[in-house]
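First the structure, in the form of structure tokens, and then the observations on it.
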Amino acid sequence: MKQARVAAGLSLGQVARDDISRTAIYFVETGKAKPSVETLQLIAERTGHPVEFFLEDGAERTGSAVRLLELERLLAQGDNLGAIASGKAALAHRPDPETEARINLLMSMAHNRLAQPVLGRRLAVAARTYFERVGDLVMTAECLGNEAASAYLMEDPNSVRIAEGALATVRSIKPVPRLTEARLLGVLGHALLNNHQWEAAIESYEQAIATSDVVQDLKSLSLFYSGLSWAHEEIGQLDRAGHFAQKALTIHETLKDRLSLARSENNLGLLILHSGEVARAEPHLQRAYALYEESGVQVGLANMLLSLAELAAARRDFTRAEELCRQALDGAEYLGETATVAEAHYQLAMVAQAKGDQPAVDAEFAAALSNPHLVGGAQRIARYRSSYAEILEARGDLAAANRQLRSALAELGARPAAESVGQAAIA
């Protein structure tokens, strides 16, 4: 690459122009990164060489490079199933270790996009093992980013720690490769969102979007907007939440990304539902569930069922709400989605309260609070305990309500204002 540039009498900036960052060209020339198909074609045009000029010598190595480029092309087009099939075919040709690691990394990304995090994580770890051994920090950070993405899809509380490690790794490189940094900021935002760290998630997403000159694909941008919508809703900024929800939805519609579209429809539907507009929320939530079910993906489907349960409860159809919660509970337990299991028990407790079934309320809250090691653990458990405290107070059991409220404050690291918390404080 450098040979072609120098022969053409071009500087890094003259090759990069407005389409590629100078850092990206530098990393390609120094062997720290490989270009995408589109980048390779631009460089070939600007240096006056055919694409084949830049491929490695030897028929088999050239074949490996071509297969890797094809895999990148399929991923860029959103054909994740095609990318996985292409990756498996490429691995069957027994490529060199570096190419094998890159193929594993790209296949990991495809599996994560299809909500298949177990396979995604396994492939990312395999790729990282190679890149750590050869000291390639950029690719190690990329692999850690994929591991973090798999972890938050699996509701693993360690996802934030892994994402922070990925970001620290890439920021240790000088100059910092901004494209990788932007992607990892987005991954960290998703992990923080799953961990219910709303303000930190917003900050991470905003930093990612601030590098908009290197956020080159609309899909990533749409996911950032979707995350911002959820986080702003949780901190009570509904106007901002609606603004970002619509932006995410528009991009997903444009890209025809059905799985991401389902999640955005679900987020928007819940936002509308929580604002009290039940009738307007219903078509969004029904469409979200239909799109998700059509995709055949099981990971995350329980969350869609819980959204429909919330809708049914808002309509005071508590029998239907309970039925949907139990369907969600069964699916989440089967997949090991522990945070969703807890949320299903919480919603069952609220349905039981609406039906006046006190023993069921107590049993469901006990189940919801049984696992302290959840994604979003402290915030989630504090929310459950606060709700339970209100219910216990309404029953007249102030001592039990007081205990729950104190436990909620302890979860958040806060201290009660006085030794005794009375009825007014609980309310």
Checklist outcome for this item: Of those in the range 120-137 that are of a type outside the set (S, T, Y) and more than 29 Å from R263 (Cβ to Cβ), the residue surrounded by the most Cβ atoms within 10 Å (Cβ to Cβ) is F131
Item to check | Near pairs, Cβ below 7 angstrom, 6+ apart or cross-chain, from the range 336-364 (outside any helix (DSSP H, G or I)) to any residue that is buried (at least 21 other Cβ atoms within 10 Å of the Cβ) and among the basic types (K, R) | outcome: none
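Please verify whether P117 is at pLDDT below 80, surrounded by 14 or more Cβ atoms within 10 Å (Cβ to Cβ) and under 34 Å from the mean Cα position of the chain (by Cα), treating the condition exactly as stated.
Numbers: at pLDDT below 80: no; surrounded by 14 or more Cβ atoms within 10 Å (Cβ to Cβ): yes; under 34 Å from the mean Cα position of the chain (by Cα): yes.
No: the conditions fail for P117.
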Checklist entry - Looking at this structure, is R61 surrounded by 18 or more Cβ atoms within 10 Å (Cβ to Cβ), over 17 Å from K2 (Cα atoms), among the basic types (K, R) and modelled with pLDDT under 80? => result no
Next on the checklist: Which condition from (1) buried (at least 17 other Cβ atoms within 10 Å of the Cβ); (2) in contact with a Phe, Trp or Tyr (Cβ under 6 Å, 6 or more places away or on another chain); (3) over 27 Å from S220 (Cβ atoms) is the one that M304 breaks?
Outcome noted: (3)
Item to check | Answer residue from the range 374-427, given it is buried (at least 16 other Cβ atoms within 10 Å of the Cβ) and part of a loop (DSSP other than H, G, I, E, B) and is modelled with the highest pLDDT among those | outcome: L374
Item to check | Selection within the range 207-230 - under 15 Å from the mean Cα position of the chain (by Cα) and at pLDDT 90 or above | outcome: L228
Checklist entry - List the pairs whose first member sits in the range 143-167 and is in contact (Cβ under 8 Å) with a residue 40 or more places away in the chain, whose second member is among the acidic types (D, E) and part of a loop (DSSP other than H, G, I, E, B), and whose Cβ atoms are under 7 Å apart, counting only residues at least 6 apart or on separate chains? => result E155/E337
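Listed here are the residues, each with its yes/no results for (1) exposed (fewer than 15 other Cβ atoms within 10 Å of the Cβ); (2) modelled with pLDDT of 80 or more.
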{"site": "A4", "(1), (2)": "no, no"}
{"site": "L10", "(1), (2)": "no, yes"}
{"site": "K34", "(1), (2)": "no, no"}
{"site": "E52", "(1), (2)": "yes, no"}
{"site": "V66", "(1), (2)": "yes, no"}
{"site": "L75", "(1), (2)": "no, yes"}
{"site": "A83", "(1), (2)": "no, yes"}
{"site": "E100", "(1), (2)": "no, yes"}
{"site": "N104", "(1), (2)": "no, yes"}
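Which residue, of T47, T23, is modelled with pLDDT of 80 or more, surrounded by 14 or more Cβ atoms within 10 Å (Cβ to Cβ) and polar (S, T, N, Q)? Please lay out each step first, then the result.
Details: T23 fails: modelled with pLDDT of 80 or more.
Exactly one of T47, T23 is modelled with pLDDT of 80 or more, surrounded by 14 or more Cβ atoms within 10 Å (Cβ to Cβ) and polar (S, T, N, Q), namely T47.
The values are calculated or read from the model by the stated rules, or taken from the named source; none is laboratory data. No experiment lies behind these values; they were computed from the predicted model shown. Ideal geometry is used to build each Cβ from the backbone, glycine not excepted, and the neighbour counts take in all protein chains shown.
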